[in-house]
Each structure stands twice: as C-alpha cells, then as structure tokens.
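Written below as structure tokens is the structure these notes are about.
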Amino acid sequence: MVKPRSYTGTDIEISFEMSRCIHARNCFLSLPQVFDPARRPWVDPDGAPADEIAAMIRTCPSGALTYRRMDGAADERPRAINRVQLRENGPVEITGDLRLNGEAYTRLTLCRCGASENKPFCDAAHDKAGFVATGEPDPSDKDSGEDRPGEVLQIRPVPNGPLGLVGPVEVTAGSGARLARAEKVFLCRCGASKNKPFCDGSHKGAGFSAPAPETGPEG
C-alpha cells in the first residue's frame, strides 16, 4: 500500500492515503478552500480553522484522510460502539476501535462486491461491476444482547472467503436501523451471497479469490 502523503499546517497536519479513497467527495464539498483536486498541492491545511478541518475529516468514510493536531488539541478518538453500516450497492463502512492486519484504524470502507483490486479495501470497483445490494435488508436474528463500548473489533479477512469480525459490533442498515448485534460475524465480500450482508458460503461456488497475506478465522 502506498504511504500516505502529509500536508503540515500551523495547527493541523493532514494525511491522505490515495489507495483507500472511495471518492465520496465529502472533503471537497464541505471545505473546498482546504481540499481542491484542481489545485496543486490539492490540500491547504491552513485554509480553514483546525477544528473545522478535523470535524470534516472525521466524516471521511474510508479513513483515507486522517489528521494530527499541531496545536495541542486532541487527535481523533475511536467511536465508542463498533459499527458496520451498509452503503447501497456499495461497500461496508466500519467505524470504531478497529484492528486490521496489525494496524489500528477508526474508519474503513471494505469491499463487498468482490471486484476490488485492493482487497479488503473498497476501490469503487462496485460501480463498474454493476454491483447490486440493498442498504436496507431485513433485520437478522443475530443479537448478542448487549453492547460493550470501548472494546476492540478485530477485522480478519478469511483467505478466499468472507470478512470475519471478532469483537462487539453492531451491523446497521444505511438508515441506521440495527440489523444485528454480535460478538462474531462473517460478512460477504464475494458479492454472491443470497443473505447479504452476511456470508452464506457462496464464495466457494463463485470461485472468489482473495489469497494470503490476508489471514483470519475459517468460515
């Protein structure tokens, strides 16, 4: 993965990791004086107050944008409840105290169409692939019966299989309605499951390929 590029201002340093960007355009639409793809350099960390920039960056679903405060203010903290939220005909957004391949994250968008060339991350391939998956499926019967705020969620992509999540997590529709609350869940990432967003074993017949070094629990 390409190393993030950093832009250091007086009060905030902004980092951008292109390989994780899904072009949601939150940055440009919210703060065009800071983020302008037509300008070089395209990021001006002094273009707006640091608090405004930090608040906008926290809305970047993929986590391609991150920040570090240079003025002594607090850096981003993980959300208390680990959450998976579905995007209509697109990836899953995951927020919380996340661990993936030994790295810590607070925001991720992960592929569920099977077509990304940057698995497990989404690279917007679902658009060209014509992926169709509702963001408002019916609730499941998966309910652990409790929330445990502040605990880590381990994200473990199964080689040639689903996305394994180990730890307290809520799975929600795009509207925010809860679909499941679990301690361990397997999410489809081949695009073929008939029970999206959950894995139903369809990756085996679909010939889905996402080999090591992605490692995780067997599913």
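The values are calculated or read from the model by the stated rules, or taken from the named source; none is laboratory data. Remember, predicted model here, so these are calculated numbers, not experimental data. Ideal geometry is used to build each Cβ from the backbone, glycine not excepted, and the neighbour counts take in all protein chains shown.
Structure above, values below:
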{"item": "Odd one out for Arg156 among (1) basic (Lys, Arg); (2) over 20 Å from Glu88 (Cβ atoms); (3) surrounded by fewer than 13 Cβ atoms within 10 Å (Cβ to Cβ)", "result": "(3)"}
{"item": "Some residue of the range 115-137 being of a type in the set (Val, Ile, Thr) and more than 23 Å from Ser15 (Cα to Cα)", "result": "yes"}
{"item": "Number of the condition not met by Ser193 [criteria: (1) modelled with pLDDT of 95 or more; (2) touching a Cys at 6+ places or on another chain (Cβ under 7 Å); (3) surrounded by fewer than 19 Cβ atoms within 10 Å (Cβ to Cβ)]", "result": "(3)"}
{"item": "Verdict on Leu65 being surrounded by fewer than 19 Cβ atoms within 10 Å (Cβ to Cβ) and outside the structural domain of Ala125 (by TED's automatic domain parsing)", "result": "no"}
{"item": "Test: residue in the range 71-93 that is among the acidic types (Asp, Glu), surrounded by 15 or more Cβ atoms within 10 Å (Cβ to Cβ) and in contact (Cβ under 8 Å) with a residue 40 or more places away in the chain", "result": "no"}
{"item": "Residue selected from the range 133-153 under the condition closer than 16 Å to Asn195 by Cα and charged (D, E, K, R), by the criterion surrounded by the most Cβ atoms within 10 Å (Cβ to Cβ)", "result": "Lys142"}
{"item": "Residues (in a loop (DSSP other than H, G, I, E, B), of a type in the set (Gly, Ala, Ser) and farther than 19 Å from Arg107 by Cα) located in the range 14-54", "result": "Ala38, Gly47, Ala48"}
{"item": "Any hit, the range 23-46, residues being touching a residue at least 40 places away in the same chain (Cβ under 8 Å) and surrounded by fewer than 17 Cβ atoms within 10 Å (Cβ to Cβ)", "result": "yes"}
{"item": "Subset of the range 178-194 (residues that are outside any strand (DSSP E or B) and within 18 Å of the chain's Cα centre (by Cα))", "result": "Cys188, Arg189, Cys190, Gly191"}
{"item": "Test result for Ala48, under 19 Å from the mean Cα position of the chain (by Cα) and not assigned by TED's automatic domain parsing to the domain that holds Leu153", "result": "no"}
{"item": "Subset of the range 99-117 [in contact (Cβ under 8 Å) with a residue 40 or more places away in the chain and closer than 13 Å to Pro157 by Cα]", "result": "Arg99, Leu100, Asn101, Leu110, Cys111, Arg112, Gly114"}
{"item": "Count - residues of the range 12-22 that are charged (D, E, K, R) and either free of Cβ contacts under 8 Å to residues at least 12 places away in the same chain or surrounded by fewer than 18 Cβ atoms within 10 Å (Cβ to Cβ) (or both)", "result": "2"}
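Yes/no per residue for (1) in the same structural domain as Ile57 (by TED's automatic domain parsing); (2) under 22 Å from Arg58 (Cβ atoms); (3) of a type in the set (A, V, I, L, M); (4) part of a loop (DSSP other than H, G, I, E, B):
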position: Asn118; (1), (2), (3), (4): no, no, no, yes
position: Gly135; (1), (2), (3), (4): no, yes, no, yes
position: Val166; (1), (2), (3), (4): no, no, yes, no
position: Ser175; (1), (2), (3), (4): no, yes, no, yes
